[in-house]
Amino acid sequence: MKPDYIPHAVERAAQDYWVAHDSFRARERPGAEKFYCLCMFPYPSGRLHMGHVRNYTIGDVIARYQRMRGKNVLQPIGFDAFGLPAENAAIANGVPPAKWTWDNIDYMRRQLKALGFAIDWSRELATCQPAYYKWNQWLFLRMLEKGIAYKKTGVVNWDPADQTVLANEQVIDGRGWRTGALVEKREIPMYYLRITGYAESLLADLEPLTGWPERVRTMQANWIGRSEGVKLAFPYSIDQRDEKLWVFTTRADTLMGTTFVAIAAEHPLATRLAQGKPGLAAFIDECKQGGTTEAELATQEKKGMATGFSVKHPLTGAPLPLWVGNYVLMAYGEGAVMGVPGHDERDFAFALKYRLPIVQVIDVEKKPYDKQQWAEWYAEKTGTCVNSGRYDGLPYGKAVDAIAADLEKKGLGEKQVVFRLRDWGISRQRYWGCPIPLIHCPLCGDVPVPDAQLPVILPEDLVPDGSGNPLAKHAAFLNCKCPKCGGAAQRETDTMDTFVDSSWYFLRYCSNDNAKAMVDERARYWMPVDQYIGGIEHAILHLLYSRFWTKVMRDLGLVGVSEPFSNLLTQGMVLNQIHFRREGARVVYFNPADVEDGVLKSDGKPVEAGGLGTMSKSKNNGVDPQVMVDRYGADTVRCYMMFTAPPEDTLEWSDASIEGSARFLKGLWKQVQDHAAAGPAPALEVAALNSAQKKLRQKTHATLQKVGDDLGRRLKLNTVVAANMELRNAVADFDDASPQGRAVVQEALEALVATLAPITPHICHALWQALGHVEPVIDARWPEPDAAALKADRVTLVVQVNGKLRGRVEVPADAGNDAIAEAALADDNVRKFIAGAAIKKRVVVPGKLVNFVV
RNA sequence: GCCGAAGUGGCGGAAUGGUAGACGCAGGGGACUCAAAAUCCCCCGAGGCAACCCCUCAUGAGAGUUCGAGUCUCUCCUUCGGCACCA
């Protein structure tokens, strides 16, 4: 009897088998070659979206493949459970974030199980569990002891209407997303982690990380942004005292071209000079409007105001006007820049706008200099100094050395290395996060919570209302005793950035049941992660923070590795259309499924098109894969996700072509069942094969070779499916019920089922049994191609004349170059194009082509 | 604005410096069927040719390197990701 393909029954049976046999429980087996396969854990936003399905399918394919290669595989999962959307849901629905989060986790866990991922569920964790975040707090205290964590002020977005701090995402066109109020910048005290202390090693350790995509390493290196330059001082006198204004520059060679100095609006000197100057004070206030993001600062109109105050040139002593400029970033360097309009594009534009002098001090091969129009070469480091007194004629490097030496003699400067990287501010004025374990005592100051009192538990029954942090109004959490003096004190109500939670979860999977320690020796067995898979959007922040955190833990003796992830696959985003409406100052997003022809289906009124964007909760443009799983089954959805685009490319969602994957699996099922219904195939006798049988066998082994390379080395999963579709087509076209014909088909079908098993594990579980195997396909050996079967007697070469295809020629596989050329020249069309001309050159690529240059 | 990618038929994509369009979707034609669905077979980049052969053009635009470029280099355009409080 040949059973029909009923995906849900097949999938249930396979999943029941794996659960009954505890197939994916990972155990430490010293001596066994381990493989830690990890996907970035999901934020429990509600339901899985297509990006999740893509991510976890890629990971699952790799995990199952490595298992078939004989590795001891660990594939865990958990939930990144703290964060802003839970608070937003609470504001919208009046449900505490904890309940919302756990309901979502329960639903998503069911979805993940329905997709059949080979996950060790015993290691599941959620970052909102006290047993997890206790260790955030514990490590934070260790960092505080070592001076890695410290307190300073930082700038936040402040919504004056709701009296609350806003995330960048909640600021839309400079206004609060709920209130529409103009957002202000505000300085508040925060805790920082000194990631800059690790800048050198974070940069240096990128170099040997060859398992990472080059683009991610480049992005990280640029983000860290090491630059060598000179820190130098412009002296000035104020209130009868001599002081120095420090700046950093990578272009000390242009120092003699300085015509002004500009400081950030937040610079302390700006504040001092604004006293008694209402105009300047108003300008500084104006600079405090608008957002805090770098993109916003970099694209805003460059504005400045003279302070009326001067500083002195460090070498000539000449007075230079001091300006406040909104393009000067307090966060980078010293919060002040020397203005060299001759050789810096921004300074040039600023000088033109405010009619400041422009002086040329670098010449490049005597090219003409125009003070009205910026030219690219003005900023080049290839010229020599001019109009620079004793530095005239010096090239870049020597000029910098000479100027730095002269500054140093005067105590006004020295060479310095600075990084673009800034310390990591982790304080969030939010409820749904990990409490920062500090107590503020009126007598003792900031007192760390003693280890014995950890974790500081977050109360889970509060409902935020959008104005401020509910922890700050919750007496039971807020009021406590000072651990030092025993007097009345208050807890810190800020919580940690959720990036803290995700910076070490991969370590906790190794020992998630240990209540006594953050990590234990099991982490030494499993770490580093052999393959990490996640969205390209995490290329910088999450990966950089995880690398930093791992290095801190290494320095505390907690882990044995310096880098957490040996190999990284950055999956492309799954994009979908964005639709929205502006309702007053608020923006409301609509799911593409509810929109047709630019109109919302429910009310027939138009919506605005926001273009393509990554599927996200905040843009409400996710596609629920559950509909597809219900209709086609998990294997079809998995197959389609892998087939439709290479893992690293962006994928624009369309559910139109999933039918092809459904047909493929249906056809494969029928072929295997038809074949199996005729009884066991006889043993293969290679020597007895006819040429058609040899040809199918060659196709089988060519497919094994391609698929093995695509899966093992290239991670091109789309072509794994495509190559297997080709092989299936070849089997379908092969009409030979003879004993050896059936033996060749058996081999082809086994290759198909085994190599597809990582991608479509359920159907392959059933078909592997149908092909006569007792052991499950998850434990089958990955099939390797047979070199002898790959060899053909004769090969077809392409013949080119001057690089253009003019013919084909079939020659014995072992033909020499002269024999190939002779055969190629016998082709009529080839002869036509050579047409008596002299052959200047002959290029033969063995097995591929021959090219005549005439 | 800065940093990093991507751009190939009607669509998703293949081509690992060597035959551009594998594989699939959609579409067209046919078989089966009372009919439909499902399934199976054939065609399917544009132009030239009565037709086959064959020729020309074509991988966002423009240049360059090479016997040979979708692939490498440069410039430009468009789209996407990141820009430190979305995760």
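The values are calculated or read from the model by the stated rules, or taken from the named source; none is laboratory data. Model, not experiment: these values are computed from the prediction. Here Cβ is always computed from backbone atoms with ideal geometry, including for glycine, and neighbour counts include all displayed protein chains. With ligands, DNA and RNA removed, areas are computed over all heavy atoms of the protein, side chains included. Shrake-Rupley method; radii C 1.70, N 1.55, O 1.52, S 1.80 Å.
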Whichever lysines have a C-alpha closer than 16 Å to that of residue A:670, once near sequence neighbours (fewer than 8 apart) are set aside: A:2
Rounded to whole Hz, the Karplus (6.51, -1.76, 1.60) HN-Hα couplings of region A:10-19, x for glycine and proline: 4, 5, 4, 4, 5, 5, 4, 4, 5, 5
Go through region A:200-214 residue by residue and turn each phi into a ³J(HN,Hα) via Karplus (6.51, -1.76, 1.60, θ = phi - 60°); whole Hz please, and just put x for glycine and proline. 4, 6, 4, 6, 4, 6, 5, 3, x, 7, 6, x, 9, x, 4
For chain A, the charge dipole (Cβ of Lys, Arg +1; Cβ of Asp, Glu -1; about the Cα centre) points to a positive end, and the Cα of A:854, A:35, A:805 closest to that extreme belongs to A:854
Lys/Arg +1, Asp/Glu -1 at C-beta; region A:705-757 dipole; positive extreme among A:740, A:720, A:752: A:720
With +1 on the Cβ of every Lys and Arg and -1 on the Cβ of every Asp and Glu, the dipole magnitude of region A:78-203 about its Cα centre, in debye rounded to the nearest 20, is 340 debye
Cα-derived Rg over Rh, computed across region A:19-117 with Rh taken as Kirkwood radius: 1.07
For n ≥ 4 DSSP H runs only, could you compute -39500 (n - 2.57) per run for chain A, divide by its residues and tell me the 222 nm figure to the nearest 500? -10500 deg cm²/dmol
Given unit charges at Cβ for Lys, Arg (+) and Asp, Glu (-), the dipole magnitude of region A:703-761 about its Cα centre in debye, nearest 20, is 320 debye
Size of the dipole of chain A about the Cα centre, Lys and Arg at +1 and Asp and Glu at -1 on the beta carbon, nothing else charged, in debye to 20? 900 debye
Please compute the alpha carbon radius of gyration of region A:372-447, then divide it by the globular-protein estimate 2.2 N^0.38 Å. Two decimals is fine. 2.12
Can you give the log10 of the normalised intensity I(q)/I(0) at q = 0.18, 0.22 Å⁻¹, computed with Debye over equal Cα scatterers of region A:491-625? -0.98, -1.24
Enumerate the amide H contacts of residue A:621 below 5 Å, restricted to partners 5 or more residues apart or on another chain; note that Pro and chain-start residues carry no placed amide H. A:616
Past the 19 angstrom mark, what percentage of all C-alpha to C-alpha distances in region A:769-854 do you count? 50 percent
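Leaving out ligands and nucleic acids, note down the accessible area per residue over chain A with a 1.4 angstrom probe, in whole Å².
Accessible area per residue: 44 Å².
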Rounded to a whole number, what % of the accessible area of chain A do carbon and sulfur atoms account for, probe 1.4 Å? 51 percent
Return the percentage of antiparallel bridges among DSSP beta bridges fully within chain A, rounded to the nearest 5 %. 80 percent
Aspartates and glutamates whose Cα lies under 17 Å from that of residue A:415, excluding same-chain neighbours fewer than 8 positions away: A:200, A:228, A:253, A:334, A:401, A:406
Amide H of residue A:652: which non-local residues (sequence gap of 5 or more, or other chain) have their own amide H closer than 5 Å, using H built in the peptide plane? A:575
Taking the Cα centre of each part, how many Å lie between region A:104-129 and region A:503-571? 19 Å
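Under the definition of Cα pairs under 8 Å and six or more residues apart, what whole-number percent is the relative contact order of chain A?
14 percent
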Any idea how far the Cα center of region A:415-490 sits from the one of region A:25-62, in Å? 33 Å
Listed by chain and number, the residues whose amide H is under 5 Å from that of residue A:571, excluding neighbours fewer than 5 places away on the same chain and using placed H, are A:534, A:535, A:536
Translational D (Stokes-Einstein, µm²/s) of region A:609-730 at 4 °C and 1.567 mPa s when Rh comes from the Kirkwood sum over C-alpha pairs? 75 µm²/s
P(r) of chain A over all Cα-Cα pairs, 10 Å bins starting at 0, rounded to whole percent, reads 2, 10, 16, 18, 18, 15, 11, 7, 3, 1, 0
Could you tell me which of the pairs A:34/A:716; A:134/A:484; A:303/A:366; A:34/A:617; A:551/A:619; A:231/A:381 are separated by over 25 angstrom between their Cα atoms in the structure shown? A:303/A:366; A:34/A:617; A:551/A:619
Set of lysines near residue A:832 by C-alpha distance (under 16 Å), chain-local residues within fewer than 8 positions excluded: A:804
In µm²/s, what is D for region A:735-782 at 25 °C and 0.890 mPa s, where D = kT/(6 pi eta Rh) by Stokes-Einstein and Rh is the Kirkwood radius from Cα pairs? 222 µm²/s
Once Lys and Arg get +1 and Asp and Glu get -1 on their Cβ, which of A:391, A:402, A:433 lies farthest toward the positive end of the dipole of region A:361-479? A:391
Can you run the Rg to Rh ratio on region A:711-820? Use alpha carbon positions and the Kirkwood inverse-distance Rh. 1.09
